[in-house]
Amino acid sequence: MADNQVDNVANDANMSGKRVVRRFTCVNCPLGCDLTATVENGNVVNVEGNVCLRGETYAQTEATNPMRVVTGLVNVSGSEMPASCRTESAIPKALIPKCLQAMRSVELKLPVTIGQVVVPNVCGTGVDVIATRNIGR
Amino acid sequence: MKRQVDIAIIGGGAAGLAAAAAAYDEGARNIVIFERESAPGGILKQCIHNGFGLHRFNEELTGPEYASREAAAVSERGIEIEFEATVLSLSSSKRLTVVSPTMGFVEVQAKAVILAMGSRERTRGPLRIAGTRPAGIYTAGTAQHMINLEGIIPGNNVVMLGSGDIGLIVARRLAYEGANVKAVYNRSHFSGGLKRNIVQCLDDYGIPLKFLHTITSIYGKDRLEAVGVSDVDKATKLAIPGTEKIVECDTLLLSVGLIPENELTSQAGIPLDRGSSGASVDEMYQTSTPGVFSAGNVLHIHDLVDYVSEEGEGAGRAAARYVLDSAYEEDSANAREEGAGYSKVVPGNGVKYVVPQRISIKASGRITLRFRVRDVYKDAKIKVLVDGREIKSVPKRVLVPAEMAQVKIPSKDVSGSSNVEVSIEFGGE
Ligand SMILES: Cc1cc2nc3c(=O)[nH]c(=O)nc-3n(C[C@H](O)[C@H](O)[C@H](O)COP(=O)(O)OP(=O)(O)OC[C@H]3O[C@@H](n4cnc5c(N)ncnc54)[C@H](O)[C@@H]3O)c2cc1C
Ligand code: SF4
């Protein structure tokens, strides 16, 4: 799929387990550090290329359980302008389509306030979807 | 109607809002922001994706949330914002004409002016694409406005020209909303957008990004039906005749970059830097006209709003000092007379422009030089030369035109010099 996730498998005869080198682009800030994560037996054993600690954490989750903050639009009855919303924190990447569906199925009432819960516990993740725009207040 | 103000801020986006709050905190009181739209925040209002404020607020916000915090800081201080107020003209003596439905036509005499007008998108005109003029062709920003602020999806089968950040973000939004984004074509061999946006907006959804391709024809009578896509010669950057392929689509989005909106700046006789397309400023963001400051996208195009706010604050503080401290005012006027007391900052090898364009002999502390590079450079070094002597060398694994770069230097190292050069040193390919 994504070409930043092309795996380079190095079969090192001296290593007991399978060693996989995976490359990611850290997306936590626009610096976009190129990260190289070494994964051994499903564990991230080394991360290089990160300028700050966030990059290390990112490579670790990206290699094991990729997460994304999902942003979307919600209809508001009586307003032509849709409200915008986001998951309060990142959710598993695989759940994005379902999360978007959940956002689409809601219709809010005026007024909409930043931070108000739009979808509680979206897709059973324990994460709420919250409004990110004030409308009619 | 006539009005006198101490500080007039043109534009209520991230730059203008931060400038207002900082000017207030520095002691200025008679401040007014003129914003032509009906709400504060500028471009942030339509950027509903996350990725804002990591540096400024230590958390990742969406555009509207970032805007609402900045707007709150302004209203908490009781600073006046005039909405739907368009500044029509600016003179070199800091006289503005402004129109709005509530104020009518107003002449404003300001002691200091902060230019915070942001940028606008490049449009089809300068691209010179041959063919008809059907409906279905928009800039990426217009499409973003339609989707996020009006709830309208511009089309079902979408092709994009250019890979600027707005385009990448809109491509993902369209994919989210169920449209088919067929491909993003990019004339040059590098993207105009941030890598993280390519990863998260295209790669994540399997949207191909095709470098060295451009659109050479437009087909369709009333509505767009197809575009012709041609290969581009890397050397000449021109489409290669005979390579055109037809790609069916009902929507073409253009994301070929932003340009600072400097009509008012030019009107006031303030010269622009050809590299940045913004005013040329000193380390206090003061233009060549004393008392006129510039910050944010109108000064140079930013990819990180946190730096826009930081520049806005710098300009706001300087404007307040200019208004409150008459010595400062006279000083800067005298100095600018013959460019005396300034070091010139110039872009060297591989560098498109540097902001600020000059540094005062009175500068103190550390100075941040922000710049963009011309091409993709790997394993490069950023070099700062003062009158030919190297004072700084920073190794960089990669430098790309899409990302603003910066280097900090101590002001004492440049004090009294005539020339400061920022250049890129890179190994041969
Ligand atoms: C699509 C997109 C995505 C981005 N994504 C990110 C991101 O993920 N993270 C990040 O940190 N940054 C991001 N940025 C960058 C950042 O958001 C912008 O650089 C920043 O918001 C620009 O602020 P500004 O105040 O300079 O300009 P603007 O927001 O453009 O504000 C200028 C204001 O001036 C007003 N104005 C102009 N002329 C006049 C006039 N004559 N009279 C009255 N008012 C006038 C306009 O109406 C506008 O409100 C993104 C930018 C874009 C375009
Ligand atoms: S590692 Fe740190 S500095 Fe580098 S992109 Fe990630 S968050 Fe930014």
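The values are calculated or read from the model by the stated rules, or taken from the named source; none is laboratory data. Computed from a prediction, not measured in an experiment: that's the story for all the values here. Positions of Cβ are generated from backbone atoms using ideal geometry, with glycine treated the same way; all protein chains shown enter the neighbour counts.
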Note to self: Let me confirm something: among B:ALA39, B:ALA19, which residue is aliphatic (A, V, I, L, M), surrounded by fewer than 24 Cβ atoms within 10 Å (Cβ to Cβ) and within 28 Å of B:GLN144 (Cα to Cα)?
What the structure shows: B:ALA39
Checklist line | Yes/no for B:ARG69 being surrounded by fewer than 23 Cβ atoms within 10 Å (Cβ to Cβ), in contact (Cβ under 8 Å) with a residue 12 or more places away in the chain and within 14 Å of another protein chain (Cβ to nearest Cβ) | finding: yes
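Does B:SER93 qualify as being away from ligand 1 (no atom under 12 Å from the Cβ), surrounded by fewer than 24 Cβ atoms within 10 Å (Cβ to Cβ) and more than 14 Å from chain A (Cβ to nearest Cβ)? Break it down stepwise before answering.
Working: away from ligand 1 (no atom under 12 Å from the Cβ): yes; surrounded by fewer than 24 Cβ atoms within 10 Å (Cβ to Cβ): yes; more than 14 Å from chain A (Cβ to nearest Cβ): yes.
Against the criterion (away from ligand 1 (no atom under 12 Å from the Cβ), surrounded by fewer than 24 Cβ atoms within 10 Å (Cβ to Cβ) and more than 14 Å from chain A (Cβ to nearest Cβ)), B:SER93 qualifies.
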Note to self: Can you find a residue that is within 14 Å of another protein chain (Cβ to nearest Cβ), in contact with a strand residue (DSSP E or B) (Cβ under 8 Å, 6 or more places away or on another chain), of a type in the set (A, V, I, L, M) and closer than 30 Å to B:PHE190 by Cβ anywhere in region B:281-293?
What the structure shows: no
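Would you confirm whether or not region A:90-106 contains a residue that is under 15 Å from the mean Cα position of the chain (by Cα), within 16 Å of ligand 2 (Cβ to nearest atom) and closer than 29 Å to B:LEU194 by Cα?
So the first thing to find is which residues in region A:90-106 are under 15 Å from the mean Cα position of the chain (by Cα), and the list is A:90-100.
Keeping just the survivors that are within 16 Å of ligand 2 (Cβ to nearest atom) gives A:90.
Next cut, closer than 29 Å to B:LEU194 by Cα only: A:90.
Yes: region A:90-106 contains one or more residues that are under 15 Å from the mean Cα position of the chain (by Cα), within 16 Å of ligand 2 (Cβ to nearest atom) and closer than 29 Å to B:LEU194 by Cα.
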Notebook entry, point to check: Checking B:ASP303 against (1) assigned to a helix (DSSP H, G or I); (2) at pLDDT below 95, which test does it fail?
Noted result: (1)
Check: Looking only at residues in region A:30-50 that are modelled with pLDDT under 90 and facing chain B (nearest Cβ under 10 Å), which one is farthest from B:ALA405 (Cα to Cα)?
Finding: A:ASP34
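So which residues in region B:182-220 are of a type in the set (Val, Ile, Thr) and within 16 Å of ligand 1 (Cβ to nearest atom)? Steps first, answer last, please.
Within region B:182-220, the first condition is being of a type in the set (Val, Ile, Thr), and the residues that meet it are B:184, B:198-199, B:207, B:214-216, B:218.
Across region B:182-220, the qualifying residues are B:VAL184, B:ILE198, B:VAL199.
Can you pull out the residues in region B:52-62 that are within 16 Å of ligand 2 (Cβ to nearest atom) and either part of a strand (DSSP E or B) or basic (Lys, Arg) (or both)?
Correct list: B:PHE52, B:ARG56, B:LEU61.
Please determine whether any residue of region B:207-222 is assigned to a helix (DSSP H, G or I) and buried (at least 20 other Cβ atoms within 10 Å of the Cβ). Working first, answer last.
Narrowing region B:207-222 to residues assigned to a helix (DSSP H, G or I): none.
No, that holds for no residue.
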Next item on the list: Output the residue which, of all residues in region B:15-51 that are touching an Asp or Glu at 6+ places or on another chain (Cβ under 6 Å) and in a helix (DSSP H, G or I), is farthest from ligand 1 (Cβ to nearest atom).
Entry: B:ALA22
